[in-house]
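What follows is one structure encoded as structure tokens, with my remarks underneath.
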Amino acid sequence: MSEIPMLLGVLAQVGLVENDDTWLRITKNGVKVATQDHQVGGRILGKMLIQAGLFAGQIRRLLEVSQIDDTGSLACPRDRALRVAPQLTGILRRFKTVTFAEELRVEASLVSEMGGVWSLLPAPAAPEVDLKKEMGNRGELYSYQYCRMHAADGSKVRWVARDDETLGYDIEDLNYTPKRRIEVKSSGDEKVRFFLSRNEWNVANELGEDYDIHFWGGVSLKIPAQQEFEKLTNLGYPIIFRGLRDLLVSGSLSITPTQYLVTRSDVS
């Protein structure tokens, strides 16, 4: 009984049920899964779970440790796949084009489905969506996808902020020596305006030219991620700022302190 609320939350995130006042009502996709999924070995539900972002972390880790050949197919040693993506591997085995013997092999179209921005976006953790957090997730996702698309080896691009938010940056690109660190900022406004934490400021100054800031403007949570990514990249996003200190010295960027520490003096 304790697992029922969690199950209902997953069904709502995937879009199989929806709230109707105090009731839950099955959706068209829910009816499709209930009536057709057993006929195709669970592949309809599997694809919906992937597209909903429920396996975003496991997809990201699997892509980072696998080999992608010239056709776009994926290969990963069996033990490694089970270690970094156990539940995802179980879902993928439902598909006839996937083999799982000494290694996990996934054909190109399904790899593309997993690697698309819509399936890498983490699903909201609660019904009360944190808009600021969701906006940040969008920007990080877009930069992660952008860097992978432009990298010599996409598996060397790491979305490190998903595992550690204290680094002072969100993405590492190991295609460069030294590796490039990327902090991502996103806004619903197209005007370039963003905040840096003290940690981000210190890391940016320490790394110099090896630290980039990606800015995504005009982000809207109402637009599906895949469509918005394509729209924003066509508009020239992300705007990339490299070498923050030099940009401030040249006047290309300006910075204004916005936080002050206030303490009470000791009174004898």
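The table for this structure:
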| item | result |
| --- | --- |
| Selection status of P224, touching a helix residue (DSSP H, G or I) at 6+ places or on another chain (Cβ under 8 Å) and either crowded, with 17+ Cβ neighbours inside 10 Å or closer than 23 Å to M114 by Cα (or both) | yes |
| Condition broken by T177, with the remaining ones in (1) out of contact with any strand residue (DSSP E or B) (no Cβ under 8 Å at 6 or more places or on another chain); (2) at pLDDT 95 or above; (3) of a type in the set (V, I, T) satisfied | (2) |
| Tally, over the range 227-245, of residues that are outside any strand (DSSP E or B) and surrounded by 13 or more Cβ atoms within 10 Å (Cβ to Cβ) | 10 |
| Checklist (1) under 30 Å from A152 (Cβ atoms); (2) at pLDDT below 90 applied to L247, failing item | (2) |
| Breaking point among (1) closer than 19 Å to S254 by Cα; (2) in contact with a Leu (Cβ under 9 Å, 6 or more places away or on another chain); (3) part of a loop (DSSP other than H, G, I, E, B), for G188 | (1) |
| Filter pass, D163 being among the charged types (D, E, K, R), under 21 Å from G115 (Cα atoms) and surrounded by 15 or more Cβ atoms within 10 Å (Cβ to Cβ) | no |
| Output for the range 170-187, where each listed residue is out of contact with any helix residue (DSSP H, G or I) (no Cβ under 7 Å at 6 or more places or on another chain) and not basic (K, R) | Y176, T177, S187 |
| Qualifying strands (runs of 3 or more DSSP E) (wholly inside the range 1-105; at least 2 residues being free of Cβ contacts under 8 Å to residues at least 24 places away in the same chain and either more than 30 Å from I171 (Cβ to Cβ) or among the β-branched types (V, I, T) (or both)) | 17-20, 23-26 |
| Residue list for the range 205-252, filter: among the aliphatic types (A, V, I, L, M) and over 21 Å from K132 (Cβ atoms) | L207, L235, I240, L244, L247, L248, V249 |
| Residue in the range 6-20 that is over 28 Å from the mean Cα position of the chain (by Cα), small (G, A, S) and at pLDDT below 90 present | no |
| Some residue of the range 144-151 being outside the structural domain of A12 (by TED's automatic domain parsing), modelled with pLDDT of 90 or more, in contact with an Asp or Glu (Cβ under 9 Å, 6 or more places away or on another chain) and not in a loop (DSSP other than H, G, I, E, B) | yes |
| Counted residues, the range 158-198 - those being within 26 Å of R61 (Cα to Cα) and either among the small types (G, A, S) or free of Cβ contacts under 8 Å to residues at least 60 places away in the same chain (or both) | 26 |
| The one condition in (1) small (G, A, S); (2) closer than 18 Å to V157 by Cβ; (3) at pLDDT 85 or above that S73 fails to fulfil | (2) |
| Test: V249 is surrounded by fewer than 12 Cβ atoms within 10 Å (Cβ to Cβ), on the phi < 0 side of the Ramachandran plot, more than 25 Å from the chain's Cα centre (by Cα) and assigned to a helix (DSSP H, G or I) | yes |
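The values are calculated or read from the model by the stated rules, or taken from the named source; none is laboratory data. Just so you know, these numbers come straight off a predicted model, no measurement behind them. All Cβ positions, glycine included, derive from the backbone under ideal geometry; neighbour counts span all protein chains shown.
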